[in-house]
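Just below is one structure, and these are the notes that go with it.
Nothing in this text is a laboratory measurement; each read-out follows from the coordinates by a stated rule. Nothing here was measured: the structure is a model prediction, and the numbers come from that model. Positions of Cβ are generated from backbone atoms using ideal geometry, with glycine treated the same way; all protein chains shown enter the neighbour counts.
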Amino acid sequence: RKEVEQDPGPFNVPEGATVAFNCTYSNSASQSFFWYRQDCRKEPKLLMSVYSSGNEDGRFTAQLNRASQYISLLIRDSKLSDSATYLCVVNEEYGNKLVFGAGTILRVKS
Amino acid sequence: EPEVTQTPSHQVTQMGQEVILRCVPISNHLYFYWYRQILGQKVEFLVSFYNNEISEKSEIFDDQFSVERPDGSNFTLKIRSTKLEDSAMYFCASSEQGTGAFMNTEAFFGQGTRLTVV
């Protein structure tokens, strides 16, 4: 079973749409959770951390369900500039090692 | 804004040659990492480094790989005898604390070095 699993997409949405991405992780002892964004052939950049209580940053909302080992990202009012690959990332209980999902591709079109 | 810098941006090398990839982490960070991403695949952990020693390494990080912090600012990844399958984007990252030390410690990534082995 993959450690961090994501729907690869692509998700093709019009500008202004709301889109949701999901991710599951296999290690129940995982402690830290993130969404990173990666543009084509660029480095991953932190979009937001994910907290148990859920958190929001502008148009972005992240949720964590530890019981189901499930993480989500909601993007409201999509912009053309949101087009990228969204990486679900987990740090397991021990060690300093980020485990990346393969990413979900988002394409926002005008 | 402080950033992690990597050089070179692109390195082409012949199979069997040694390469050294260089990184300058963010100055007040204590933990350093190398990750790699083969084209079209996910980002994979190679090694973490703290207090001048390796704290964790993956199965990928075999005897052909080594890391070093030769001075107070640089952090290097050496591949002794490159293989075709080493072709990938190599990302250096750093963090104030270990990414597993406190909840949601952010790791900052450099722009990457694209290594092409021919």
Kirkwood Rh and Cα-based Rg: tell me the resulting Rg over Rh for chain A, rounded to two decimals. 0.96
With the Cα gyration tensor of chain B in hand, convert its eigenvalues to equivalent ellipsoid semi-axes via √(5λ) and list them largest first in whole Å. 23, 14, 14
With just the Cα atoms defining each centre, how far is the range B:10-34 from the range B:41-101? Give it in Å. 8 Å
Using a cut-off of 11 Å between beta-carbons, work out the net charge of the residues near residue A:38 (Lys and Arg +1, Asp and Glu -1, residue A:38 not included). +3
What is the pair-distance distribution P(r) of the protein assembly as shown, computed from all Cα-Cα distances in 5 Å bins starting at 0, with each bin given as a whole percent? 1, 7, 14, 18, 18, 16, 12, 7, 4, 1, 0
Taking 0.36 nm per intervening residue step and subtracting the Cα-Cα distance, what contour gain separates residue A:39 from residue A:109 on full extension? 23.6 nm
